[in-house]
Amino acid sequence: MRLAIILSKLPSGARLNEPELAGYLGVSRTPVREAYLRLVGDGLIQSRPQVGSIVAPRDENRVIEGIIVRRALECEVVQILARKRPSLDSLNPLLALQESAVLMGDPVAFFRADEAFHAELARLAAIPTAWRLAHSAKAHTDRARMQLMSGIENRIGLALEEHRKLLRFIQAGDAAAARETVSSHINSVFDAVGKQS
């Protein structure tokens with residue numbers, strides 16, 4: 001459900017019917033209800049008495065908040081990695097998925113691989129909770145990211161190059177450059193939101 005909202009398959013204002021969604025997803029109503037509660041907490045669903053639940057409009061304040069939280073946490077992650085310089089081999093399959101998505105021009109496949117890439121960075125830094133915290137704060141940011149990736153020619157190709165550059169700095173043990181690279185990478189959403197305002 002979260003991904004459907006982020007991808008605008010469930011657009012802002014869409015009414016949500018719990019039994020219909022359960023049927024569509026092929027699950028009982030219990031997991032749908034649990035997902036609803038999480039999505040209400042993330043600000044992606046608004047529940048209104050006597051009206052029902054709808055997909056919330058994108059909240060620009062929450063977009064900015066998500067960027068700030070994600071940037072702070074990921075800057076710490078890459079600093080730890082540059083200092084410890086662990087093996088980054090587990091990122092190779094994720095980079096390959098990103099490269100394939102770029103070649104196919106598929107921002108949705110890139111988004112999925114990108115999420116896994118950043119989660120793996122946090123895992124390698126031995127602080128996987130950092131990504132879970134960022135993930136919970138960035139639902140509205142992800143909506144802006146998808147719009148950015150879909151709306152700017154070769155944006156996903158540029159993001160892939162930023163990932164490769166980031167890994168080179170981590171492998172070289174250059175914490176300052178790694179931090180600057182990931183900050184700039186995340187700020188691209190900030191810049192895009194500012195241009196849309």
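Assuming GLN50 fulfils every condition listed in (1) under 16 Å from the mean Cα position of the chain (by Cα); (2) among the polar types (S, T, N, Q); (3) outside any helix (DSSP H, G or I) apart from one, which condition is it?
(1)
Only one of LEU166, LEU158 is part of a helix (DSSP H, G or I), open to solvent by 30 Å² or more (accessible area, probe 1.4 Å) and either more than 18 Å from LYS84 (Cα to Cα) or in contact (Cβ under 8 Å) with a residue 24 or more places away in the chain (or both); which?
LEU158
Taking ARG62 as the residue in question, decide whether it is under 15 Å from SER136 (Cβ atoms), in contact (Cβ under 8 Å) with a residue 60 or more places away in the chain, open to solvent by 50 Å² or more (accessible area, probe 1.4 Å) and not in a loop (DSSP other than H, G, I, E, B). Show your work before the answer.
Numbers: under 15 Å from SER136 (Cβ atoms): yes; in contact (Cβ under 8 Å) with a residue 60 or more places away in the chain: yes; open to solvent by 50 Å² or more (accessible area, probe 1.4 Å): yes; not in a loop (DSSP other than H, G, I, E, B): yes.
So ARG62 fits the description; yes.
So that you can scan it fast, the table gives a plain yes or no per residue for (1) within 30 Å of VAL55 (Cβ to Cβ); (2) free of Cβ contacts under 8 Å to residues at least 40 places away in the same chain; (3) part of a helix (DSSP H, G or I); (4) small (Gly, Ala, Ser):
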{"site": "VAL102", "(1), (2), (3), (4)": "yes, no, yes, no"}
{"site": "VAL108", "(1), (2), (3), (4)": "yes, no, yes, no"}
{"site": "THR129", "(1), (2), (3), (4)": "yes, yes, yes, no"}
{"site": "ARG132", "(1), (2), (3), (4)": "yes, yes, yes, no"}
{"site": "THR141", "(1), (2), (3), (4)": "yes, no, yes, no"}
{"site": "GLU153", "(1), (2), (3), (4)": "yes, yes, no, no"}
{"site": "ASN187", "(1), (2), (3), (4)": "yes, no, yes, no"}
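Collect the residues in region 23-45 that are buried (at least 17 other Cβ atoms within 10 Å of the Cβ) and either assigned to a helix (DSSP H, G or I) or of a type outside the set (Gly, Ala, Ser) (or both), keeping them in residue-number order.
Step one: of region 23-45, the residues buried (at least 17 other Cβ atoms within 10 Å of the Cβ) are 32, 35-36, 39, 42-45.
Once the filter is applied, which keeps residues that are buried (at least 17 other Cβ atoms within 10 Å of the Cβ) and either assigned to a helix (DSSP H, G or I) or of a type outside the set (Gly, Ala, Ser) (or both), region 23-45 yields VAL32, ALA35, TYR36, LEU39, ASP42, LEU44, ILE45.
The values are calculated or read from the model by the stated rules, or taken from the named source; none is laboratory data. Predicted model, so just to flag it, every value in this text is computed and none were measured. Note: ideal-geometry Cβ built from the backbone for every residue, glycine included; neighbour counts use all protein chains shown. Surface areas here come from the heavy atoms of the whole protein model, side chains and all, with no ligands, DNA or RNA. Shrake-Rupley method; radii C 1.70, N 1.55, O 1.52, S 1.80 Å.
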